[in-house]
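This is the structure I want to talk about, given as structure tokens.
The values are calculated or read from the model by the stated rules, or taken from the named source; none is laboratory data. None of the values given here were measured: they were computed from a predicted structure. Glycine gets a Cβ as well: all are built from the backbone with ideal geometry, and neighbour counts include every protein chain shown.
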Amino acid sequence: MDYNISIIPGDGIGPEIIAETVKVLDKVGEKYKHSFNYTELLMGGVSIDATGVPLTDEALQTAKNSDSVLLGAIGGNVGQSNWYSLPPNLRPEAGLLAIRKGLNLFANIRPAILFNELKSACPLREDIIGDGFDFVVMRELTGGLYFGDRWTKEVDGLRTATDTLVYNEVEIARIAKQAFEIARKRRKKVCSVDKANVLDSSRLWRQVTKEIAKDYPDVELTDMLVDNCAMQIVKDPRQFDVILTENMFGDILSDEASMVTGSIGMLASASLGDSKLGLYEPSHGSAPDIAGQNKANPIATILSAAMMLRYSFDLDEEADRVEWAVREVLKKGYRTVDIMSPGNTLVGTDKMGDLIASEI
């Protein structure tokens, strides 16, 4: 089979981790007789430097015409880069918001998996993590505070800022359906997280989610307030299977989940919509302080590519093989600097990519 993939290396360590991921995908293609065709697009700071905007209409259209999009990372140091002297709609991160909106990617899936080989990197006590945990945060991606009306102006002599949190029942229903579908492929548990004791938007979220749950009698639904969920992730992460939540809560909780796994450099991410076209990216940022130093951990991006194989291309066996290859390399004791521990072998970005590709 032939698959057309739009590649967005982006900024900072993005080009390095994308290069290693392409190595792995090419090995998958060689082993399973697939052809992956790559088209490189500019987005983020490099796009600003080249075109004046973080994402051109042409780049977005190319992404729309592809089978999937693989992203490295975008952005730079806020205090050091000229990109952040620009208006907000012209900064690197505006490109990410634009491509999510343009591709109608409303569901963000962030797995939080503690690999047995990395238990020593987990900040939680051993009696809490037990034999490890494996849950996903399903985050609504195109609504809520990040996309509502906002303004800053003087009111009664005081500088006043307003951000509007808006959700309608259709936006809630479609992300809830995605969560229940994912849960059916896992342990059949959905925990819907909100702030229904305070927010009207959360009360609607809870109502609609319960309505959708009626179509999935085989999946257990529970509700949890977001502050309690934040505590429970560090108290007992093994209780969770699929955490379903709105945009801002999901942003915060998925970052918390990434750190209890030991390193954000290990966490993949998928952004999906109603079609098979998805955007796949690591959960970490562009890490400009280590860019070009062969220190970046490419595993999160490689695992994101595995999610792409699974969700966009329905290549489950190939996705399993990539995930297996990552585990095998970790079992053999190879580590990048962010997950290094005594007794293991330190390798750079390119060597880690070579090792994983060789296991395919």
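Rundown of residues vs (1) among the acidic types (D, E); (2) over 25 Å from A94 (Cβ atoms), yes/no style:
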position: G144; (1), (2): no, no
position: R150; (1), (2): no, no
position: K153; (1), (2): no, no
position: A161; (1), (2): no, no
position: L165; (1), (2): no, no
position: E169; (1), (2): yes, yes
position: K177; (1), (2): no, yes
position: F180; (1), (2): no, yes
position: A183; (1), (2): no, yes
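Is there a residue being part of a strand (DSSP E or B) and surrounded by fewer than 17 Cβ atoms within 10 Å (Cβ to Cβ) anywhere in the stretch 39-48? Please lay out each step first, then the result.
Start the filter on the stretch 39-48 by keeping residues that are part of a strand (DSSP E or B), which leaves 39-40.
Add one more test, that the residue is surrounded by fewer than 17 Cβ atoms within 10 Å (Cβ to Cβ), and what stays is 39-40.
For the stretch 39-48, residues part of a strand (DSSP E or B) and surrounded by fewer than 17 Cβ atoms within 10 Å (Cβ to Cβ): present.
Further question on the same structure: Can you tell me which residues in the stretch 217-252 are β-branched (V, I, T), surrounded by fewer than 18 Cβ atoms within 10 Å (Cβ to Cβ) and in contact (Cβ under 8 Å) with a residue 60 or more places away in the chain? Walk me through it before giving the result.
Start the filter on the stretch 217-252 by keeping residues that are β-branched (V, I, T), which leaves 219, 222, 226, 233-234, 242-243, 245, 252.
Pick out the ones that are also surrounded by fewer than 18 Cβ atoms within 10 Å (Cβ to Cβ) and you get 222, 234, 252.
Correct list: V234 only.
Something else about it: Where residues in the stretch 285-303 are of a type in the set (V, I, T) and in contact (Cβ under 8 Å) with a residue 60 or more places away in the chain, which of them is surrounded by the fewest Cβ atoms within 10 Å (Cβ to Cβ)? So that I can check it myself, show each step before the final result.
Filtering the stretch 285-303 for residues of a type in the set (V, I, T) gives 290, 299, 301-302.
From the residues that got through so far, the ones that are in contact (Cβ under 8 Å) with a residue 60 or more places away in the chain too are 290, 301-302.
Details: I290: 17, T301: 33, I302: 27.
Per the criteria, the residue is I290.
Test A121 against the stated conditions and say whether it is within 24 Å of V329 (Cβ to Cβ), modelled with pLDDT under 90 and surrounded by 17 or more Cβ atoms within 10 Å (Cβ to Cβ).
On the way: within 24 Å of V329 (Cβ to Cβ): yes; modelled with pLDDT under 90: yes; surrounded by 17 or more Cβ atoms within 10 Å (Cβ to Cβ): yes.
For A121, the condition - within 24 Å of V329 (Cβ to Cβ), modelled with pLDDT under 90 and surrounded by 17 or more Cβ atoms within 10 Å (Cβ to Cβ) - is met.
Take Y334 and tell me if it is free of Cβ contacts under 8 Å to residues at least 60 places away in the same chain and among the hydroxyl-bearing types (S, T, Y).
Details: free of Cβ contacts under 8 Å to residues at least 60 places away in the same chain: yes; among the hydroxyl-bearing types (S, T, Y): yes.
Yes; evaluated as a whole, the condition is true for this residue.
Look through I74, I129, I99 and report the one residue that is surrounded by 18 or more Cβ atoms within 10 Å (Cβ to Cβ), under 30 Å from I175 (Cα atoms), among the aliphatic types (A, V, I, L, M) and not assigned by TED's automatic domain parsing to the domain that holds E16. Give the derivation first.
Numbers: I74 fails: not assigned by TED's automatic domain parsing to the domain that holds E16; I99 fails: not assigned by TED's automatic domain parsing to the domain that holds E16.
None of the others qualify; the one that does is I129.
Can you report the number of residues in the stretch 104-119 which are in contact with a strand residue (DSSP E or B) (Cβ under 7 Å, 6 or more places away or on another chain) and within 15 Å of I175 (Cβ to Cβ)? It would help to see each step written out before you state the result.
Within the stretch 104-119, the subset in contact with a strand residue (DSSP E or B) (Cβ under 7 Å, 6 or more places away or on another chain) is 105-113.
Those left that are additionally within 15 Å of I175 (Cβ to Cβ): 105-110.
The total comes to 6.
Filter the stretch 170-187 for residues that are of a type outside the set (A, V, I, L, M, F, W, C) and either in contact with an Asp or Glu (Cβ under 6 Å, 6 or more places away or on another chain) or in the same structural domain as S269 (by TED's automatic domain parsing) (or both); which is farthest from L141 (Cα to Cα)? Walk me through how you get there before you give the answer.
Here is the first cut: in the stretch 170-187, the ones of a type outside the set (A, V, I, L, M, F, W, C) are 171, 174, 177-178, 181, 184-187.
Those left that are additionally either in contact with an Asp or Glu (Cβ under 6 Å, 6 or more places away or on another chain) or in the same structural domain as S269 (by TED's automatic domain parsing) (or both): 186-187.
On the way: R186: 22, R187: 24 Å.
So the residue we want is R187.
From the list G44, G52, pick out the single residue that is small (G, A, S) and touching a residue at least 40 places away in the same chain (Cβ under 8 Å).
Values: G52 fails: touching a residue at least 40 places away in the same chain (Cβ under 8 Å).
On inspection, the qualifying residue turns out to be G44.
Residue by residue through the stretch 264-283, note down the ones that are surrounded by fewer than 21 Cβ atoms within 10 Å (Cβ to Cβ) and not aliphatic (A, V, I, L, M).
Matches in the stretch 264-283: G273, D274, S275, K276.
Let me ask something else. Specify the residue that is farthest from M352 (Cα to Cα); the eligible residues are those in the stretch 1-29 that are without any contact (Cβ under 8 Å) to a residue 60 or more places away in the chain and part of a helix (DSSP H, G or I).
Among residues in the stretch 1-29 that are without any contact (Cβ under 8 Å) to a residue 60 or more places away in the chain and part of a helix (DSSP H, G or I), the one farthest from M352 (Cα to Cα) is G29.
Across the stretch 162-216, which residue is surrounded by the most Cβ atoms within 10 Å (Cβ to Cβ) among those that are under 22 Å from the mean Cα position of the chain (by Cα) and small (G, A, S)?
A179
I need every pair where a residue in the stretch 173-197 that is more than 27 Å from D320 (Cβ to Cβ) has its Cβ under 8 Å from the Cβ of a residue that is hydroxyl-bearing (S, T, Y) and exposed (fewer than 14 other Cβ atoms within 10 Å of the Cβ), sequence separation at least 6 or different chains.
Note: pairs meeting the criteria are S192/T222.
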